[in-house]
Every structure is written in structure tokens, then in C-alpha cells.
Amino acid sequence: MKSEFTILSEGVHGVVLHVKRATRRYHVAVPKRAWSKITHDHRSRDDIVSAVLQSPEARYLADIEHALRYDWLNTASFFVPKTIREPWLGDLREDRKRMAAAGCSRRTILWATLTQIMLLALNAAHHAVLRVICAMTGHAG
């Protein structure tokens with residue numbers, strides 16, 4: 001099981017780590033005393049990660065989902081014409097990443113995504129109706 005960590009911050013009271021273990025990611029705060037003992041007792045990064053995750057003194061600040069998990073939007077994008085996919089879905093993906101980085105819940109990100117998709121569909125329907133009306137009335141549209 002491949003494990004690694006990155007020190008996000010280090011201070012008088014302890015360290016905050018970004019820990020990667022298997023398919024999970026965590027942000028963990030470890031008191032200075034416990035961190036010193038863990039790094040002194042263990043030699044490999046795998047051992048240190050195991051000791052940090054098993055330490056009763058460590059506090060989990062966040063349990064972050066792995067970035068490679070299934071994303072329905074990426075799968076659905078193959079069924080969208082490229083003229084729409086390039087400009088619009090690229091922006092939507094960026095919005096989703098920015099919301100996730102800001103700490104929004106998965107439910108909020110889902111609702112924002114579905115709202116944007118509905119607004120795009122309404123916009124496309126509106127333009128289709130206008131084209132039909134313009135064709136029937138002879139307007140240049």
C-alpha cells in the first residue's frame with residue numbers, strides 16, 4: 001500500500017499534514033510531541049503515515065475523496081457535441097473544481113452543475129423556438 005505525506009504547515013504546537021494512503025487523502029493535525037516521536041521511531045514514509053493515522057493524538061481535519069473517483073460529468077461529456085463541449089463543459093469543469101477547492105459539499109456542487117445544465121438546455125430550446133418562429137414569419141432573426 002503506497003502512502004506518502006506532505007507537511008502543509010509546521011508550528012510550535014504541531015504539524016498539519018496532507019496524507020495520501022491508497023485511494024484516500026486526509027488532512028491531519030499532529031501535536032509536536034507526537035510528531036517528534038513518530039518521525040524518530042519510523043524510517044520509511046509508509047511507516048510514518050501508518051503511525052500518524054493510528055495515533056490517538058492526531059486530529060483529522062478533513063477526509064478528502066480521491067481525485068480519480070468516477071465523475072458522471074466526464075462520462076456524459078462524450079455524448080455532447082464538440083462545439084458545445086469545448087467552451088461550455090470546460091468552464092463547467094473549472095467551476096466544479098473551484099467549488100470543491102473552496103470546500104463546497106458534493107450536494108452543492110451537484111445542484112450547481114444541474115442548474116447550469118438546465119439553463120443551457122433552456123437557452124438552446126429558446127433559440128430553437130426563435131428559429132422556428134423566424135422561419136414561419138419570414139423574419140431575418
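Taking the Cα centre of each part, how many Å lie between segment 98-141 and segment 14-45? If we compute the Cα centre of each part, the gap is 45 Å.
Placing unit charges on C-beta atoms (Lys and Arg positive, Asp and Glu negative, everything else neutral), compute the dipole magnitude of the chain about its Cα centre in debye, rounded to 20.
Values: 21 positive and 13 negative charges, 27 e Å.
Around 140 debye, computed over the chain.
Estimated at 0.36 nm per residue, the fully extended path between residue 6 and residue 40 surpasses their Cα-Cα distance by 10.5 nm. Mean residue ellipticity, 222 nm, helices only, the chain: the sum of -39500 (n - 2.57) across DSSP H runs of n ≥ 4, divided by residue count and rounded to 500, is -15500 deg cm²/dmol. Between 120, 130, 73, the residue with the greatest mean-square fluctuation in the GNM of the chain (Cα pairs under 10 Å linked by springs) is 130.
Farthest toward the dipole's positive end in the chain, which of 49, 113, 140, given Cβ charges of +1 (Lys, Arg) and -1 (Asp, Glu) about the Cα centre? Result: 49, furthest along the dipole toward the positive end. Angle of helix 45-54 to the longest C-alpha principal axis of the chain, folded into 0 to 90 degrees and rounded to 10: 90°.
Per 0.36 nm of contour for each residue apart, how much would the distance between residue 127 and residue 93 grow if the chain were fully extended, relative to their Cα-Cα spacing?
Values: separation 34, 0.36 × 34 = 12.24 nm, distance 2.43 nm.
Separation in residues times 0.36 nm, less the Cα-Cα distance, equals 9.8 nm.
Toward the positive end of the charge dipole of the chain, with +1 on the Cβ of Lys and Arg and -1 on the Cβ of Asp and Glu, the farthest Cα among 104, 128, 31 is that of 31. Straight-distance candidates among the lysines for linking to residue 82, with alpha-carbon spacing under 29 Å and chain neighbours fewer than 8 residues away dropped: 97. Please build a GNM for the chain, connecting alpha carbons under 10 Å apart, and tell me which residue among 112, 58, 124 fluctuates the most. Its mean-square fluctuation being the largest, the pick is 124.
Read-outs: derived from the displayed coordinates by stated rules, not from any lab. Everything numeric in this text was worked out from a predicted model, so none of it was measured. Positions of Cβ are backbone-derived with ideal geometry, glycine not excepted, and every protein chain shown enters the neighbour counts.
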